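Below is one structure, written out as structure tokens, with a few remarks after it.
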Amino acid sequence: MKRPVTSGAETTNPAASSASAESSGPAASTDSTADRDAAPAAGLDGIPRQRPLAVCAEGVHVAVAESAPADVGTSPVTAGSARPLSARLRGVRPWRLFPTPTGTPFTFGYAVVLAVTSLVAEYADPGLVDRVLQASSTDVAHLAQSPVRVLVASALWIAGGLTSAYVIAFLLVLTALERRIGGWRTAGVFLLGHGLATLATEIPVGLSVLAGHLPESSLHRYDYGISFGVATSVGALAGLLRPWLRWTVLAVFGWMVVGDLIAFTDPMTNWGHTMALAIGVATWPLLRRVGPPGQLQDDDRDHGAPS
């Protein structure tokens, strides 16, 4: 006689099984049959027996949903330390060191004019260039006849051409100054230094000629270029910088002009550079009181970003 084979789901203790069946009685048998008939597939909603499982499942989802923001919230803490650095890197825009048509229109337009006149001086007929430069010179004779015309004309040429160190100084200094105070004020500072330093150097020459200390030929000496205006712009820009950078700029440029003055190669021009730098420093109180100009002072318009 073969013994019946029980499945893995059945108990391995027959006595315990029979005892359990006897103790449950007919009621237990009826409940068991009802549960088997009513029990649907696991995981369906609305079934009392399945609700604890559903609640548990929802609890898991809720726990995950609540823990997810905590994880997300902690990520900015890790990434937050990198944000200031990335913001600073995004703020570095090397092109702002040089003039652009929309960011610094005065400096850009002036630089184009100087480039054209420098090319004319380099490649045009030497005789023609000499006559034009003589007519543009701010010597005593021309200042006595038409001061405004020669003061403007003399500022259209670069002594030494495009290889002069004042070309780089012009581009960097006037660009930085115009971004801070605007084009009209930058033009005013430049022309103020150019005019006052020229008069301060040429008037003593005229007086010395009248007194007989200099020959009459000194009334027609060549005097043109942008160096006085650039020196004044350097002095004015220094007053708008941070203290450590301000005194560094003044020390470096001051050492240059004083060194030229000590060399005594061109005393009148070298004294003019020193006075032009002092004129720029004298504009500090005025430039610090004025607010930023009512215009876009950077290249954000070039790149479509708001100011």
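The values are calculated or read from the model by the stated rules, or taken from the named source; none is laboratory data. Since we're looking at a predicted model, the values are computed, not measured. Every residue, glycine as well, gets a Cβ built from its backbone with ideal geometry; the counts of neighbours run over all protein chains shown. Accessible surface areas use protein heavy atoms only, side chains included; no ligands, DNA or RNA. Shrake-Rupley method; radii C 1.70, N 1.55, O 1.52, S 1.80 Å.
Net length available on complete extension from residue 264 to residue 246 is 3.8 nm, with 0.36 nm assigned per residue and the Cα-Cα distance removed.
Compute the Cα gyration tensor for segment 90-154, then decide on rounded, prolate or oblate, letting a ≥ b ≥ c be the square roots of its eigenvalues: rounded whenever a/c is under 1.5, prolate when a/b is larger than b/c in the other cases, and oblate in all that remain. Taking the square roots of the gyration eigenvalues as a ≥ b ≥ c, segment 90-154 is oblate. Under 5 Å between amide hydrogens, built in the peptide plane, is the criterion, and for residue 100 it picks out 108 among residues at least 5 positions away or on other chains.
Computed over neighbours whose Cβ is under 9 Å from that of residue 287, the net charge equals +4, Lys and Arg +1, Asp and Glu -1. Overall form of segment 137-178: oblate. Here a/c, set by the Cα gyration tensor axes a ≥ b ≥ c, is 1.5 or more, and a/b is not larger than b/c. If you take the Cα centroid of segment 151-174 and the Cα centroid of segment 218-277, the two points sit 13 Å apart. Largest accessible area first, the listed residues 125, 223 line up as 125, 223 when surface is computed with a 1.4 Å probe on the assembled protein chains.
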